[in-house]
Amino acid sequence: MNLDTLVGLLQLIPVQRAIIALAIAGGAFPIVGVWIIGLNIVPVRFAMMHVALLGIALGMLIQLEPTLVGLLLCGVTGVLLAPLAKRPAGLSGPMGLVMTMAIAAALLVLSLSGVNANGAFELLWGSILATRTIDVVILGIVATIIIVVYVVKKRDLALLLYDREVALCSGIAVEQLTMLLMFVIAVAIGAAVHLTGALLVDSVTILPAIAARNLGRSLQHMVWWAVGIGIVGNLLGFGLTLVLNQPPGPLLVITVGLITLATFLRKRA
Amino acid sequence: MTNATALHISNLVCRFGSTPVVDDVSLAIAPGEHVAIVGSNGSGKTTLLRAILGLHPIYAGQIVVDHVHAQSAADWRQRQQRIAWMPQRQASGQFPLLVHELLASSRNPTVAHDIASQLEVGMLADRPLHALSGGQLQRVFLARALGSIAGGAGLLLADEPTAALDFGGQAAVATVIAAQQVTVLVVTHDRTMASHCGRVIEMANGRAREVTP
């Protein structure tokens, strides 16, 4: 591809919107990834993808905006799961249960409402190149909420993610904070799945956080690393997408994945 | 001794599943008293401290701190503010936290930092906790607890505070804890530590009995 073609592509509105969406998601969603790693709830993203599908199916059944019902159901599920975080076994088991129950319930609801399941899946699996202006606005709102929660609760979060009991005995309202985190995590994943596509959820949340875990010495360091890798990795991956004329999802995940792999090698060295 | 807290435990039962690990324990500790709890592993010592802090559920009986029987979440948070805690399990802590961030969670971070310097761990302020040795970590948690006492906590709960220390360190920490003008309840296998306490309670199979110090 020559430079003129690349410049031409960059002038296309869908491409510009995709770049803005990736910059917003890469700049804020890795913070959610850091929380997910800290709370040891990596399966949450699969659980919430299925809950979002159930919400979309419910929205179709009751004829409300499916995306909003999906996000709402994700948020409610996150809040309902939060009290289980204090169990020694943590949230991994309940996440698996939620995932299985949600997909079963979603298929049942789709059958009851007579909607073709593919229609619901299309709503769920968004694409970064199909991002609309309203999607960018929603991403911006969710990103702002994530950043505000992090900045306001930074000190409490550092203790909670280090050790729940140390946080409790420091006078932190741990249950409320966990509930807030679970709500934001669930909504962020629901939004990311719909707006950027299922494959990209990992490249804007978990992968930068895993890389940051290898590089950061504290929560603050981890967040800076995760955000940096999120922005640079995703924009670089998108650039490769344009240059190589390949689908964005796989290239973005592979680019951020390779950066993450490099951090493991650096850690070993 | 204005901050020292009274502690009354009556007929306390705590269980793991159906197995009682603290079994009908009653204990009255006056403000300013220093009490050592000794006993073999698994006798219920740590569970007793954790129940006082609200970290282990109470099956029966009650624990009253400063005439307050905590029931609501707000009560428990208020109680946790009145207690300085040195945990035995030095935090699950695989997630990075810097020493100065932990000291900042003390009720008086300035005092906590000063004490950390006195305990020769002040220079580790920018290190992650998981990079510290067991002894260094214990000193950091002690500095944090003493900062909380300076900030108004009236009860120190210390769970094997000298376990990871060398002999010199054990004596130094025992002396520091003995000098505190608050109520102290310390779980220990260390005779030096126990000898600094006015009372010694021995636990076996979840039950407690007073022994001569």
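Taking the criterion of being crowded, with 24+ Cβ neighbours inside 10 Å and either in contact with a Gly (Cβ under 6 Å, 6 or more places away or on another chain) or of a type in the set (Asp, Glu) (or both), the residues of region A:208-225 that qualify are A:Pro208, A:Ala209, A:Met222. Of all residues in region B:1-57, those satisfying the criterion of being over 19 Å from B:Arg82 (Cα atoms) and hydrophobic (A, V, I, L, M, F, W, C) are B:Leu12, B:Val13, B:Cys14, B:Phe16, B:Val21, B:Val22, B:Val25, B:Ala36, B:Ile37, B:Val38. Quick check: anything in region A:175-196 more than 9 Å from every other protein chain (Cβ to nearest Cβ), in contact with an Asp or Glu (Cβ under 7 Å, 6 or more places away or on another chain), surrounded by 22 or more Cβ atoms within 10 Å (Cβ to Cβ) and over 16 Å from A:Gly78 (Cα atoms)? Yes, region A:175-196 contains a residue that is more than 9 Å from every other protein chain (Cβ to nearest Cβ), in contact with an Asp or Glu (Cβ under 7 Å, 6 or more places away or on another chain), surrounded by 22 or more Cβ atoms within 10 Å (Cβ to Cβ) and over 16 Å from A:Gly78 (Cα atoms).
Is one or more of the residues making up region A:138-154 within 13 Å of chain B (Cβ to nearest Cβ) and touching a strand residue (DSSP E or B) at 6+ places or on another chain (Cβ under 9 Å)? So far as region A:138-154 goes, no, none of its residues is within 13 Å of chain B (Cβ to nearest Cβ) and touching a strand residue (DSSP E or B) at 6+ places or on another chain (Cβ under 9 Å). Scanning region B:124-183 for residues that are charged (D, E, K, R), under 27 Å from B:Val64 (Cα atoms) and touching a strand residue (DSSP E or B) at 6+ places or on another chain (Cβ under 7 Å) gives B:Asp159, B:Glu160. Somewhere in region A:236-247, is a residue more than 14 Å from chain B (Cβ to nearest Cβ), closer than 16 Å to A:Leu71 by Cβ and in a helix (DSSP H, G or I)? Checked region A:236-247: no residue is more than 14 Å from chain B (Cβ to nearest Cβ), closer than 16 Å to A:Leu71 by Cβ and in a helix (DSSP H, G or I). Whether any residue in region A:198-215 is within 14 Å of chain B (Cβ to nearest Cβ), polar (S, T, N, Q) and either without any contact (Cβ under 8 Å) to a residue 60 or more places away in the chain or out of contact with any Phe, Trp or Tyr (no Cβ under 8 Å at 6 or more places or on another chain) (or both) is what I want to check. Looking for residues that are within 14 Å of chain B (Cβ to nearest Cβ), polar (S, T, N, Q) and either without any contact (Cβ under 8 Å) to a residue 60 or more places away in the chain or out of contact with any Phe, Trp or Tyr (no Cβ under 8 Å at 6 or more places or on another chain) (or both), one finds at least one in region A:198-215, hence yes.
Results for (1) under 21 Å from B:Val187 (Cβ atoms); (2) not hydrophobic (A, V, I, L, M, F, W, C), shown as yes or no for each residue.
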site: B:Ile37; (1), (2): yes, no
site: B:Gly42; (1), (2): yes, yes
site: B:Ile52; (1), (2): yes, no
site: B:His56; (1), (2): yes, yes
site: B:Ile63; (1), (2): yes, no
site: B:Pro87; (1), (2): yes, yes
site: B:Pro109; (1), (2): no, yes
site: B:Ala112; (1), (2): no, no
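Selection over region B:110-133 of residues that are away from every other protein chain (no Cβ under 11 Å) and assigned to a helix (DSSP H, G or I) gives a count of 12.
For A:Ala47, only one of the following conditions fails: (1) among the hydrophobic types (A, V, I, L, M, F, W, C); (2) surrounded by fewer than 24 Cβ atoms within 10 Å (Cβ to Cβ); (3) within 25 Å of A:Glu175 (Cα to Cα). What is its number? Just one mismatch for A:Ala47, condition (2). Checking A:Val174 against (1) touching a Leu at 6+ places or on another chain (Cβ under 6 Å); (2) farther than 30 Å from B:Val99 by Cβ; (3) β-branched (Val, Ile, Thr), only one condition comes out false. Which one? Status for A:Val174: all satisfied but (2). Hey, any hits in region A:9-17 for a residue that's surrounded by 21 or more Cβ atoms within 10 Å (Cβ to Cβ) and closer than 27 Å to A:Thr260 by Cβ? No: region A:9-17 contains no residue that is surrounded by 21 or more Cβ atoms within 10 Å (Cβ to Cβ) and closer than 27 Å to A:Thr260 by Cβ. All of A:Leu73, A:Leu80 fail the test of being more than 16 Å from the chain's Cα centre (by Cα) and at pLDDT 85 or above, apart from A:Leu80.
The values are calculated or read from the model by the stated rules, or taken from the named source; none is laboratory data. Here the structure is a predicted model, which means the values were calculated and not measured. Backbone-built Cβ (ideal geometry, glycine too); neighbour counts: all protein chains shown.
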